[in-house]
Amino acid sequence: MRLSQPPRVETQPGMFDDYVEHSNVPALGLSSAQLQYEGFEPTYEPGDNRVVDLGPSLSQVDDTPRPLFSLESVQYTLPAPLVSLVVSSNMLVMGLSDNRLVIFELTRDQYPSIIQITRKPTEMTIYKMFFDPSGRHLLVTSTQGETWYIYIPSKKPKHLKSWKMIIESVAWNRSALLASSQGTSSREILIGAKSGTIYEALLDGAEDLFKSTDRYLHPVFSMPEKQPITGLRFDMFPPLDPKKALVMATTPTRIYQFVGAPDRKGDEGKVFTGLFASYRDTTPKILELPGQIQTSELHVFTDHADQAHSLPRLVAWMNAAGIYRGTLNFESSTDDLIDSAQLLPYPPHLQANTPLSMVMTKFHFMLLYRDRLVGICNLNEKTTYDVPLAGEQVRGITADTVRGTYWIYTDQSIYELSTENEAIDVWKIYLENGQYDSALEYTRTAAQRDVVISAQGQAYFDQGRYFQAAHCYSQSSVPFEDVALKFLDVGERDSLRSYLVSRLERTQKGDLTQRMMLATWLVEFYLSKCNELDDIIASRSISQDVENLQAERTILEDEIRHFFVTYKANLDPTTMYELIQGHGRTDLFLYYATTIGDSERVVEHWILEEEWRKAIDIIIRQSDLELYYRFGPVLMRNASKETVDSWLRRPELDPLRLVPSLLQLQHAPRDPLVPNQAIRYLSHVIFEQGNPSPTLHNLVITFYTSAPTTSPPEDDVKLLRFLSTAPVDPLTQKPYYDLDYALRLCKQTGRIQPCVHIYSKMGLFENSVDLALEKNDLELAKINADMPEDDIPLRKKLWLKIAKYVVQEKQDIKTAMHFLENTDLLKIEDILPFFPDFVVIDDFKEEICNALEDYAAHIDELKAEMDDATRNAQAIKSDIAVLKTRFVTIDAGERCSSCGNALLTRQFYVFPCQHTFHADCLIGLAKEYLPAHLLRRIVALQEEMVGRNQGPIDRSDSPVPRKIPPRQPATQRTLLSSNFTNPIPNGARAANVVGRNILSAGDKLRELIVPDTLVTLVTAPVGWIPGIGLGGGRRNDTDPELGKKTEKLRTELENVLASNCPLCESVVAGLDKPFIESGEVDTSWDL
């Protein structure tokens, strides 16, 4: 459907999308075939790019015919009849009959540009247009021989006056133009004229007043037959370092190939002069195909045509006889670079007509006739597309080789040829031709790919290429059992193994049963192959060289080891052990057990083989501690040192669980020169790791005492060292080992020195000294005698035992005298009773004299100390007498520091800190800070001094008449202790009541103190006590003993009350008390 001419042309990105009328063609996707699976069906994880196993035959693939091409009309009304159309790099240029050029930039939404060539239609008629690959340089040639050049960015047409020719073809420098997107130069180009001459030229679109647009134009070659140059192209190769150039030129009946080195390697300059000059005397490569028609075109197809340095792959020449096609081989050593050349005739039903033009796609030749468009596949030479074109005058077909778009135009319309589905059936053609890799490249669905792979696998199998067939079958949906039987029938077990490996790799991880069956079968194949190679090597090793077979066996063993690592999760250990052992492959048995972490089985194997060190190495390399405990006993019996070394590397081992292993060495024969490994390990655990277990400590003593007694001194030294240096409990300061147990073992084995040491550890110093003396070890007895350092009498007793032993047993006077020098506890008189009566005093006369002299000196020292003590006592008495006469001068207006009243109004006290208090004020303050024991003493003194007063106290003789309140009844005074003596009825509240009583005891004591009574007692005249033994107070001067006793009580009470200033003392005593008492409200901090 056509639209009327719009007020402005609107183009959308996507090449005329708003102007193209899309045909209502149904969706071209292929539906997946529903296949029936048999055997092991491979499935895949999400995102897996591997092929899904589908049907194996073409009949299972949706073969619905689909159009490979479609024509889509561009909805644009031409302002004048269309003469020529060119497209390059998404730039479209229309040449109209009125000599106007309409330029569309297909990737932008903007108005088309219209350029008017300043020639009337009667003066110039556009013949052809030529567009460079970059879409920047445009040449317009006319039937009158004029040539116009337009540099597209400037949109200004320039008349090339020196170009007086009709141009039939142009060869652009494609690689240079695509590599430079901003340059204004066209670089060197070749011009094919209608006269049969080839020109080299260079154009520049830059505005330069001093240079012309056409930098140069000169002929380089003329065809001998003087026919038009209908096609022209050149390529430099190699692309990155051009050293040669290929120029292809066609006439209506011939195709030429010119190969040679270009003249220079710069950016601009004459390039082809030398190349064509070399053919003046020689003939270029020429192919002639005579015909009656003059239509001829040259086309190439380039993969990745948008890349600057890509070279064309296919070449096609349309001529009268058909389409001459081939591939370009730029590595050819001859001047003929067209390989596999063939002539493709035109379709038989169209041979009467001559195609107007042609374009070349990747897989088709698109032939444009006056009434139809025909597509011929270049793979199988079949006509795959034929659509009629009627109603308008067909002008031509053109292609944007850089962007891969194709356009057909008539005098009134433009059509875009869509090639989106061009390769939809290409895979079938490649499959029919046996080109399986190419067929796989162009498959679009899983079903198509499965058909190709299945056919490829069958082809490989028929050719005897079994490994390749196995690889293909593993990716196809051919039933598992069919493939397995195929290989088994021909005896290809190796190929079958390869198939199983590939199939296992492609089986879904969730199919545990299938994966386990495949993996187990593969292990059987591997083991059988290994045994087969072993048999072959054994049979040929004498007569033939078997290095290759040995290398093959090594590779196979490495492969099965890798298989164990990769698929250990899909193998049943029990089955594998039986299978491997059945084939006698001990090395693989151990490797598999190691791979799955079954170290226990490996250790058992090496122990059965009596390879103790290998077993220990396996235990060390694994992390399970249970193996240490399980295999410890047998390893300790046979490789004790290595076993202990392995234990020392694992401090996390529980030593108590290793005790059974350690006991293996208790009665085992041992070289005396070799250290006991059990003791070595236990010493490390005790001293290095600080293990306090009594079991381990006792075990060390057991090992020391169970050693043979052939060399007791050495063993005793080691045992003594342990007993003396063993760690002790920090709380009890006692060793962790059992002293009774250690003593019993030492006695049983006759270890005297350890027994003595243990006695001393137990505090039985007398036993230790007796045992040492019993064994005639005097030095050991001396050492133990000095151990009770804090118990002097005990030490002296022990030394007396030793002295008695020395005197009575040794009967050596001189030795006994020398013995006294070892201690300061014994004197000569201490050991004299041990000497026999017949001993002559002359032997130790000197020692007795020395002792007497020491006594005399000691007496003098004591006398001097007594004199010093007497002098100090006299000095203290003098100081006390002076203290009684101390006085302090105070002002008459001095006031009490507590109540603020005049101080001299009643009895008062003055302290060195200058604080002054009335007597009653002092008592009231003092009882608040005094501790409980002093409060109890004050109450006791108060009761003792007034306890016998049964009536009111007569204060008539008191210097300061004051009324003393009556004393509280005795029953009330006993309330303080009643709570502690009387039973509490409710036993459940006993603890709480006792706690409260303790806390309130101090307060109750303070309540019992009566300040007025104490003031009366303290300030009363000497000899006057109120009611001591009488009915009332009176002066008692007749009993001097009673006066002394009273004065003593008063002095003690005064010392307690006035020992410290209450204000100064209360500061220290109240540091732990809060500033605000509980229940007190303080508002001084309120805002």
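The values are calculated or read from the model by the stated rules, or taken from the named source; none is laboratory data. Computed from a predicted structure; not experimentally measured. We place every Cβ from the backbone using ideal geometry, glycine too, and count neighbours over all the protein chains shown. Only protein heavy atoms, including side chains, enter the accessible area calculation; ligands, DNA and RNA are left aside. Shrake-Rupley method; radii C 1.70, N 1.55, O 1.52, S 1.80 Å.
Calculate the FRET efficiency for I783 and N698 from the Cβ-Cβ distance with a Förster distance of 30 Å, rounded to the nearest 0.05. Mind dumping the intermediate values first?
Values: r = 25 Å, r/R0 = 0.83.
Computed FRET efficiency for I783 and N698: 0.75.
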Inset, instruction - Tell me which residues come under 5 Å, amide H to amide H, from R254 once H is placed; ignore anything under 5 positions away on its chain. - result: L289
Inset, instruction - Go through segment 677-684 residue by residue and turn each phi into a ³J(HN,Hα) via Karplus (6.51, -1.76, 1.60, θ = phi - 60°); whole Hz please, and just put x for glycine and proline. - result: 6, 5, 5, 4, 5, 5, 5, 5
Inset, instruction - Give me D for segment 192-283 in µm² s⁻¹, whole number, from Stokes-Einstein with Rh from the Kirkwood sum over alpha-carbon pairs, 37 °C and 0.692 mPa s. - result: 228 µm²/s
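Filter the GluC sites (Glu not before Pro) in segment 648-746 to those in DSSP coil with at most 12 other Cβ atoms within 10 Å of their Cβ, and list the result. Working shown, then result.
On the way: sites: E652, E688, E714; in loops: E652.
Taking segment 648-746 and a limit of 12 other Cβ atoms within 10 Å, the loop GluC sites (Glu not before Pro) found are E652.
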Legend entry - Solvent exposure ordering (accessible area, 1.4 Å, most first) of F131, F687: F687, F131
Legend entry - Residues whose placed amide H lies under 5 Å from that of R215, excluding near-sequence neighbours: L202, L203, D204
Legend entry - Estimated distance in nm for a label pair at T327 and S724, the labels positioned 7 Å out from Cα along Cα-to-Cβ: 9.8 nm
Inset, instruction - Can you pull the one-decimal nm distance between simple spin-label points at C849 and L794, each 7 Å off the Cα toward Cβ? - result: 4.0 nm
Legend entry - Centroid-to-centroid separation of segment 433-474 and segment 338-391 [C-alpha atoms, Å]: 31 Å
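Can you send over the carbon and sulfur percentage of the accessible area for segment 396-554, probe radius 1.4 Å, protein chains only? Could the numbers behind the result be given before it?
On the way: 3120 of 6990 Å².
Solvent-exposed carbon and sulfur of segment 396-554 make up 45 percent of the total.
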Legend entry - Hull volume in cubic angstrom per residue (convex hull over the Cα atoms of segment 333-488): 182 Å³
Legend entry - segment 605-652 and segment 113-160: distance between their alpha carbon centers, rounded to Å: 95 Å
Inset, instruction - Quick one: what are the phi-derived ³J(HN,Hα) couplings along segment 90-96, Karplus 6.51/-1.76/1.60 with θ = phi - 60°, whole Hz, x for glycine and proline? - result: 6, 10, 10, 10, 9, x, 9
Inset, instruction - Compute the distance in nm between two label points, each set 7 Å from the Cα along the Cα-to-Cβ direction, one at D281 and one at D336. - result: 2.5 nm
Legend entry - D1003 accessible area, 1.4 Å probe, all protein chains in place, Å² to nearest 10: 90 Å²
Inset, instruction - Calculate how large, on average over all directions, the projected area of the Cα convex hull of segment 569-670 is; give the answer in nm² to one decimal. - result: 7.2 nm²
Inset, instruction - Go through segment 505-570 and name the trypsin sites (Lys or Arg not before Pro) that are in a DSSP coil and have 13 or fewer other Cβ atoms within 10 Å of their Cβ. - result: K509
Legend entry - Gain on full stretching of the segment that runs from T885 to K641 - 0.36 nm per residue minus C-alpha separation: 78.9 nm
Inset, instruction - At 0.36 nm per residue, minus the direct Cα-Cα distance, what do L731 and N531 gain on full extension? Give it in nm, one decimal, please. - result: 65.0 nm
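Given the pairs K211/K362; K155/K270; K194/K244; K164/K382; K243/K382; K927/K1045, which are separated by over 32 angstrom at their Cα positions?
Details: K211/K362 42 Å; K155/K270 27 Å; K194/K244 27 Å; K164/K382 44 Å; K243/K382 39 Å; K927/K1045 24 Å.
Going by Cα-Cα distance, K211/K362; K164/K382; K243/K382 fall outside the 32 Å limit.
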Legend entry - Fully extended contour minus Cα-Cα distance, from R657 to D437, at 0.36 nm per residue: 72.5 nm
